[in-house]
Structures are given as C-alpha cells and as structure tokens.
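Enquirer: Got a structure here, written out as structure tokens. Questions coming.
The values are calculated or read from the model by the stated rules, or taken from the named source; none is laboratory data. Keep in mind it's a predicted model, so treat the numbers as computed, not measured. We place every Cβ from the backbone using ideal geometry, glycine too, and count neighbours over all the protein chains shown. Note: areas computed on protein heavy atoms with side chains; ligands, DNA, RNA excluded. Shrake-Rupley method; radii C 1.70, N 1.55, O 1.52, S 1.80 Å.
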Amino acid sequence: PLSPAAVVGAGLGGSATAYFLQQHFGPQVQLDVYEAAGVGGRLATVTVNKQQYESRGASIHALSLHMQDFVKILGLKHRREVAGKSAIFSGEHFVLEETDWYLLNLFRLWWHYGISFLRLQMWVEEVMEKFMRIYKYQAHGYAFSSLEELLRSLGGEAFVNMTQRSVAESLLEVGVTQRFVDDVIAAVLRSSYGQSVLVPAFAGAMSLAGAQGSTWAVEGGNKLVCSGLLKLTKANVISARVTGISLHSSEGRALYQVHYESTEGQGSAFYDLVVVTTPLQLSRSNFTFDNFDPPIADLPGAFQPSVTSVVHGYLNSSYFGFPDPKLFPFTSILTTDTPELFFHAMDNICPVNVSAAFRRKQPQEAAVWRVLSPRPLDKPQLKTLFRSYYSVQVAEWPTYPRYDAAKALPPVVLHESLFYLSGVEWVASSMEMTAVAAKNVALLAYNRWHQQLDKIDQKDLMHKVKTEL
C-alpha cells in the first residue's frame, strides 16, 4: 500500500490534488502538504474598510464541473450576482458598450462586426464541447501521462496544435475579421491573461469561453475551496518552503526525500509519492532535484509579471469621456492593445460576502476598483484613473505563463512516482483547468502504482467509454 505522499503547494492545485489522491488511494493514505506562504496560493483576498475583496482568480465558468463539485461537497455557496455593464476602451473612446438590453447588445455586435461574432461563438463552443469529454474519461478512471496525450484524447492533433499557434491565427482562419480580433478578442485576453492575441489558441478559447458564458464565484472568497478541501482530507499542512527533492531507492520502488526550510530550521521527510504543484519555472534556482539519473531537466518558460491594484476611490469618469460621473454606466472596463494605455482592465468589485441588502456604489461615490496592469501604477497614472482615492493596495506577482507558442508543453511525469501539476497552465490557466489536472495526476499516480496500464494513455476513448456504459 502507498504510505506517505507529499504535495508541494497549498493553492488550488495542491488542495485539489490532496483531495483526489485521498479519493483514489483511500482515507488511509497519509498526506503532507507543504506551503510556504498561505493556503489558497493565488486565490487571495485583500481587506478594504473591513470588507474582503478578491485580488485575483475571481470568476469561475458555469461549466466548471470539478469546481461545482468542490463547492457542493464543502457546503459552500455561490456568491450573489450583482449586475453590471462592461465596455471596451481604446484610450480615446469606447469601441464597444454593453447596454441593459441583451438584444441591443447582440444587434450592436452584429452591426459592428457582422458574422465574426457568430463565428467566434461557434469556434469557442466546438472547443468547449470536446473539452467536456474529460469529465467522462476521468469518471471512468482514465489518466494521461502527458498534456499532449490528454489534449489528443479530447480533440486529436488539432487540440495539440492549438497550444502551438496563436488565437488570432485560428480565428482569422475561421473567418473572424481582423477588426473584431483587434477590438474584442484583444480586450478579453488583456483582461484575463494580461497578454495579446498571440497567446495560444487553446488558452485563448478557454478565456473567451469565460468571457461569454455565465460565471460565478464562491461566497466568502474562492480561497475557501482550498482550505475546505485540505480540512476535508485531514491533510497535514506543513508551513515550510520545499528546497529540493532527492531520490533514494528502496526494494525496487523509488523513495523520495523532500527537503524543506521552515521557521524552525531545515528538515526532510521520506515519501513514496510526490506531486509538485508550484511552478518550477519560477523556482528552479532555489529548488533542486538530486540523485536522479538521467537528471531532471530544467523546464523552459517564463511567467508574465502582472500587477493588481485594489483602489478605494472616486473614478475619474472624465478620462473616459463622461464629464458628469453620475452618467458613467460601466462597472467593468476592458482595453484594446494601444501602446499608450498603461492598464489592461479595471472593474468595480464587490466584496466576497454579498449580503441581500448590498447595492453597488453609484459612479459618483467612492468605490473599490481592481486595476490590472503590466507594471505598478505611478502617481500620475492613478490620478488619471481616479479623481481622488483613500487607499491603494498592490499585489505584484508572476500570474500567468508568458505564452510563447513555440515551446513544447512541460511534462507531467518527472520520475516514477514524482509528478508535476503546474505545467497545465501552459495549456490554459484557470481554476477549472487546474482541477482537471489535479484529478488527472491523482488518477495517473493511482493507475501507475497499481499497474493498471490499460487506464493510461488509451486511444479511442470515446468508443471505450460508450461500450463501458
């Protein structure tokens, strides 16, 4: 039997991995979860005026079945929706504005962009429909030893190619116009990934699905999913930074020694199975793999620095062409790829606990805005967006992979029972994508441990799953 297992990182990836490992290996498996900063990882909140707000990872797509499941199992609730309108700003004027009236929005899109809008929807729906097969495969216990195999099983070579070519190229190919790509697609990708229409088509499709579908968030903050899953699995959370992993062999099976640093000093422990869920691309300088033959290669790739500023203040609506702030109708502003624009997106955010009595602040009142930008905002930039402000809280971190279409995807298997989760972000970066990868790693670990090779990297799964029913 598998005895102790270690998970490095207690963000969503780590908590979901711990939960799925326990689901498959059984409650007797002893789980240690190492976390240096705090449970929740990037799903963090900031406090403004005694209220908490999400600083990142804010919305979850309606079709996120694993996330839906976690919320149900943990007895959490969906946050109450507070309606708001969005618009796309070019630096000079709004290129697209949402209205209260859905049909008018459709008409405007149609009027401006003709059939592009329809072609985009069909393209996104086709990708999502194939992607949804993963849930069926996972329910039947199938796992994949690489991200390429996982993608291939869902959408063939076409899906693998979508990680190598840009979303702009793919959309232009299905007849979406350049203007629609520049105005609308660019704005969505800037607000979700802080990057241009050169991100890979697959990551782009996932982000566009979130932009047009209905989304939700967890009442009390999305990070409650992480702490909830760790509590549920009774995982032993060790607050320490893992500095490396070395290989020891014992009776034909690999044994891994995890080295860590905590406030008490340095320590180490032995495990049969280890899953690394923190991005190795960031930390290879201070994360070593010892005694592996062949050595574990460095993972290529870099992360996109991105800055979230949570500002409590009065919006400068004049900058957006509304001298009278009372008339400013938008709660969310996306931007086109214009060199002089210093921010990617900004939205008027609601607290993580939305009471029944809650109402959104009027545009002329002080509100809490979340501004996403590539670099920290300086005083003049803050003064451009806000007439005045009470507080600014800045979180700066490498949030998303810097999508460079040319690279191969990172590996899932680093060694016999040593797995890597975060590589999935190179396919697409979202909470659900991470949960899907966590379930895959747990199934893969289980199937390999029990030598169930007929459950790994199987071809023609659609057919197999149908005949199993």
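Enquirer: Which residues does a label at Thr243 reach in segment 257-273, if reach means a backbone N under 20 Å from a point 7 Å past the Cα toward the Cβ?
Expert: 257-271
Enquirer: Which percent of the accessible area of the chain is formed by carbon and sulfur heavy atoms (probe 1.4 angstrom)? Present the calculation step by step, with values, prior to reporting the outcome.
Expert: On the way: 10960 of 20540 Å².
So the carbon and sulfur contribution to the accessible surface is 53 percent.
Enquirer: Sorted by accessible area (1.4 Å probe), largest first, how do Cys226, Cys350 line up?
Expert: Most to least solvent-accessible, the answer reads Cys350, Cys226.
Enquirer: Shifting gears a bit: When the helices in the chain are scored as -39500 (n - 2.57) per DSSP H run of 4 or longer and the sum is shared across all residues, what 222 nm value do you end up with, to the nearest 500 deg cm²/dmol?
Expert: Numbers: 14 runs with 147 residues, N = 469.
Value at 222 nm, helices only, nearest 500: -9500 deg cm²/dmol.
Enquirer: Just the accessible area for Leu334, please: 1.4 Å probe, Å², rounded to the nearest 10?
Expert: Roughly 30 Å² of Leu334 is accessible to a 1.4 Å probe.
Enquirer: By how many degrees, between 0 and 90 and to the nearest 10, does the Cα long axis of helix 201-212 differ from the longest principal axis of the chain?
Expert: 50
Enquirer: At a Förster distance of 25 Å, what's the computed FRET efficiency of Leu453 paired with Phe303, Cβ-Cβ distance as r, to 0.05? Show your work: numbers first, answer last.
Expert: Values: r = 35 Å, r/R0 = 1.39.
For R0 = 25 Å, the calculated efficiency reads 0.10.
Enquirer: I'd like the distance between the alpha-carbon centres of segment 170-204 and segment 137-156, rounded to an integer number of Å.
Expert: Segment 170-204 and segment 137-156 have Cα centres separated by 26 Å.
Enquirer: Using only the alpha carbons of segment 371-457, determine the length spanned along each of the three principal axes and report them from longest to shortest in whole angstroms.
Expert: Answer, in whole Å and largest first: 64, 30, 18 Å.
Enquirer: Next up: Just to confirm, what accessible area per residue do you get for the chain at 1.4 Å probe, in whole Å²?
Expert: Numbers: 20540 Å² over 469 residues.
I get 44 Å² per residue for this part.
Enquirer: Now for a different question. Measuring from label point to label point, each 7 Å out along Cα→Cβ, what is the Glu251 to Lys464 span in nm?
Expert: So the label points at Glu251 and Lys464 sit 3.0 nm apart.
Enquirer: Expressed as an acute angle from 0 to 90° and rounded to the nearest 10, what is the orientation of the C-alpha long axis of helix 12-25 relative to the principal long axis of the chain?
Expert: The answer is roughly 40 degrees.
Enquirer: Continuing with the same structure: Report the full-extension gain for the segment Lys72 to His140: residue separation times 0.36 nm, less the Cα-Cα distance, to one decimal in nm.
Expert: Working: separation 68, 0.36 × 68 = 24.48 nm, distance 2.09 nm.
Taking 0.36 nm per residue and subtracting the Cα distance, the gain is 22.4 nm.
Enquirer: For Asp324, what accessible area in Å² do you get when you roll a 1.4 Å probe over the heavy atoms of the protein chains, rounding to the nearest 10?
Expert: 70
Enquirer: Please compute the net charge surrounding Val33, taking Lys and Arg as +1 and Asp and Glu as -1 over other residues with Cβ under 15 Å from its Cβ.
Expert: That works out to +2.
Enquirer: Given R₀ = 56 Å, what would the calculated FRET efficiency be for Gln121 paired with Glu416, taking r from the Cβ atoms and rounding to 0.05? Numbers along the way, then the final one.
Expert: Details: r = 44 Å, r/R0 = 0.79.
It comes to 0.80.
Enquirer: Using alpha carbon coordinates only, what is the Rg to Rh ratio of segment 350-418, with Rh defined as the Kirkwood radius? Walk me through the intermediate numbers first.
Expert: Numbers: Rg = 20.1 Å, Rh = 16.9 Å.
Checking Rg against Rh, the ratio lands at 1.18.
Enquirer: Rounded, prolate or oblate: pick one for segment 64-152, where a ≥ b ≥ c are the square roots of the eigenvalues of its C-alpha gyration tensor, a/c under 1.5 means rounded, and failing that, prolate if a/b is larger than b/c, else oblate.
Expert: Working: a/c = 2.86, a/b = 1.63, b/c = 1.75.
Because a/c hits 1.5 or more and a/b fails to exceed b/c, segment 64-152 counts as oblate.
Enquirer: Let me ask something else. Put Thr233, Thr288 in order of accessible area, largest first, 1.4 Å probe: what do you get? Working shown, then result.
Expert: Numbers: Thr233 5, Thr288 60 Å².
Reading off the accessible areas and sorting them downward yields Thr288, Thr233.
Enquirer: Follow-up. Report the gain in length on full extension from Met128 to Tyr319: 0.36 nm times residue separation, minus Cα-Cα distance, nm rounded to one decimal. Each step should come with its number before you reach the end.
Expert: Values: separation 191, 0.36 × 191 = 68.76 nm, distance 3.78 nm.
Length gained, Met128 through Tyr319: 65.0 nm.
Enquirer: Find, to one decimal place in angstroms, the Kirkwood hydrodynamic radius of the chain, where the mean of 1/r is taken over every pair of different Cα atoms and then inverted.
Expert: Values: mean 1/r = 0.0427 Å⁻¹.
The answer is 23.4 Å.
Enquirer: Quick check on my link table: of Lys136/Lys464; Lys136/Lys223; Lys77/Lys136; Lys85/Lys361; Lys50/Lys379, which ones sit more than 19 Å apart, alpha carbon to alpha carbon? Write down the numbers at each step before the final one.
Expert: Working: Lys136/Lys464 11 Å; Lys136/Lys223 27 Å; Lys77/Lys136 25 Å; Lys85/Lys361 14 Å; Lys50/Lys379 25 Å.
Among Lys136/Lys464; Lys136/Lys223; Lys77/Lys136; Lys85/Lys361; Lys50/Lys379, the Cα-Cα distance tops 19 Å for Lys136/Lys223; Lys77/Lys136; Lys50/Lys379.
Enquirer: Compute, for Trp123, the solvent-accessible surface of its heavy atoms (probe 1.4 Å) with the complete set of protein chains present, and express it in square angstrom to the nearest 10.
Expert: Number for this one is 30 Å².
Enquirer: If you don't mind, another one. List the residues, sorted by chain then number, that are 5 or more residues from Val7 or on another chain and whose placed amide H is less than 5 Å from its amide H.
Expert: Counting only residues 5 or more places away or on other chains, the set is Asp32, Val33, Tyr34, Val275.
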